[in-house]
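Student: Can you read through this structure? Questions will come right after.
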Amino acid sequence: MYRELELNIKKFRKILIDTGIQKGLNHKETLKCSQRLDKLILKQFLISKQ
């Protein structure tokens, strides 16, 4: 599960960068992707604290 989470973080980080470059940092899709990445990183952090 932890490995899958790491892969998802990598995937969303790349999507975030690509979306930010293509559509701008304030675009709705970029912000939504950023929020999704934040949630994944928080989840990873919480799991690592256990």
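The values are calculated or read from the model by the stated rules, or taken from the named source; none is laboratory data. Everything numeric in this text was worked out from a predicted model, so none of it was measured. Cβ atoms come from the backbone with ideal geometry, glycine included; neighbour counts cover every protein chain shown. Only protein heavy atoms, including side chains, enter the accessible area calculation; ligands, DNA and RNA are left aside. Shrake-Rupley method; radii C 1.70, N 1.55, O 1.52, S 1.80 Å.
Student: With every protein chain left in place, what is the accessible area per residue of the chain in square angstrom, probe 1.4 Å?
Tutor: For the chain, the solvent-accessible area averages 85 Å² per residue.
Student: Which of rounded, prolate or oblate describes the chain when judged by the alpha-carbon gyration tensor and an a/c cut-off of 1.5? Show your work: numbers first, answer last.
Tutor: Numbers: a/c = 4.12, a/b = 2.20, b/c = 1.87.
Prolate, because a/c is 1.5 or more and a/b exceeds b/c.
Student: How much of the accessible area of the chain, probe 1.4 Å, is carbon plus sulfur, in whole percent?
Tutor: 57 percent
Student: With +1 on the Cβ of every Lys and Arg and -1 on the Cβ of every Asp and Glu, and nothing else charged, how large is the dipole of the chain about its Cα centre, in debye rounded to the nearest 20?
Tutor: Numbers: 12 positive and 5 negative charges, 11 e Å.
It comes to approximately 60 debye.
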